[in-house]
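Remarks on the structure that follows.
The values are calculated or read from the model by the stated rules, or taken from the named source; none is laboratory data. Everything numeric here is computed off the predicted structure, so don't read it as measured data. With ideal geometry, Cβ positions are generated from the backbone for all residues, glycine too; neighbour counts draw on all protein chains shown. Each accessible area value is taken on the protein alone, full model and side chains, heavy atoms only, with ligands, DNA and RNA left out. Shrake-Rupley method; radii C 1.70, N 1.55, O 1.52, S 1.80 Å.
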Amino acid sequence: MKHLGIAFIVGAGPGNPDLITVRGLRCLREADVVLHDRLIDMRLLGEVRPDAEVINVGKEAGDEDLQQERIQWLMVEKAREGKTVCRLKGGDPFVFGRGAEEARALSEAGIPFEIVPGVSSAIAVPAYAGIPVTHRDYAHSFMVIAGSRSHDLESPEWLAARALVKAGGTVVVLMGLARIRTIIGSLLSGECASSIPVAVILNGTRPDQDCRIGIRPPGIVIIGEVVALRSKIEWMELADKLQLE
């Protein structure tokens, strides 16, 4: 009788491959099977053992629930073969990553597993752009919200986000590209909206990162007074300038 393997649900971090955790990198290097998303930096796959099986399970447009079921089936079946499985996911597995669904599938199948947290883009990308999500003089709270089309902008969560912006907090919007102008218009509706700064960050934490103050097609959007601090803390651009001199 074969011994069961084990599955590691690993957060790869926000984009830059150097930002994976030490534990995450160890799990990647020791895995027999790696199931990875399309959002990871592919240079991380250079850390995989030469004899390991690497499977791209990045979702395509279409039936995402069906694709998710296949991923979970693969995790269970590979572990049942006695293999060490690394499920490599962008960001943190439990922040809009469906990691909880995968963990539940493993639990119900009786497969041993471990969650390896990753650095979430919701915090890391603003940091790379020189924008703290909280600051003693500006914002004492922040909220991360998914901007996908399936969510009603008048739902209690979005109304709470709007109230937080008006109260002086910070709102970080992920996955909102398809309707970003509508989202920003909703969050900034009402009094004093024009005075609240907005930052849009593309390709966050990567060498081609682009941060703009204003409304542009985004990767991540940050809304709140802390955005004004970027002009003083844009460390990544300063480091690039120093290297060029």
- Message: Looking at the structure I just gave you, is residue 116 aliphatic (A, V, I, L, M) and touching a Ser or Thr at 6+ places or on another chain (Cβ under 6 Å)?
- Response: no
- Under 9 Å by Cβ, and 6 or more places apart or on different chains, what pairs join a residue from the stretch 23-41 that is free of Cβ contacts under 8 Å to residues at least 60 places away in the same chain and over 14 Å from residue 9 (Cβ atoms) with one that is in a helix (DSSP H, G or I) and basic (Lys, Arg)? 32/78
- Message: Regarding the stretch 217-229, can at least one residue be identified that is touching a Leu at 6+ places or on another chain (Cβ under 6 Å), β-branched (Val, Ile, Thr) and modelled with pLDDT of 85 or more?
- Response: yes
- Message: Given (1) within 19 Å of residue 120 (Cα to Cα); (2) modelled with pLDDT of 95 or more, identify the lone condition not met by residue 33.
- Response: (1)
- Task: Scan the stretch 182-205 residue by residue and report those that are within 23 Å of the chain's Cα centre (by Cα) and closer than 20 Å to residue 126 by Cα.
- Result: 183, 184, 187, 197, 198, 199, 200, 201, 202, 203, 204, 205
- Message: Tell me yes or no: at least one residue of the stretch 167-181 is modelled with pLDDT of 90 or more, surrounded by 15 or more Cβ atoms within 10 Å (Cβ to Cβ), more than 13 Å from residue 125 (Cβ to Cβ) and of a type outside the set (Ser, Thr, Tyr).
- Response: yes
- Task: Could you please find all residues in the stretch 62-99 being open to solvent by 60 Å² or more (accessible area, probe 1.4 Å) and within 15 Å of the chain's Cα centre (by Cα)?
- Result: 94, 96, 98
- Message: I'd like to check which strands (runs of 3 or more DSSP E) are fully inside the stretch 1-59 and have at least 2 residues that are of a type outside the set (Asp, Glu), open to solvent by 20 Å² or more (accessible area, probe 1.4 Å) and at negative phi.
- Response: 6-11, 53-56
- In the stretch 50-74, residue farthest from residue 5 (Cα to Cα) [restricted to those that are of a type in the set (A, V, I, L, M) and in contact (Cβ under 8 Å) with a residue 12 or more places away in the chain]: 57
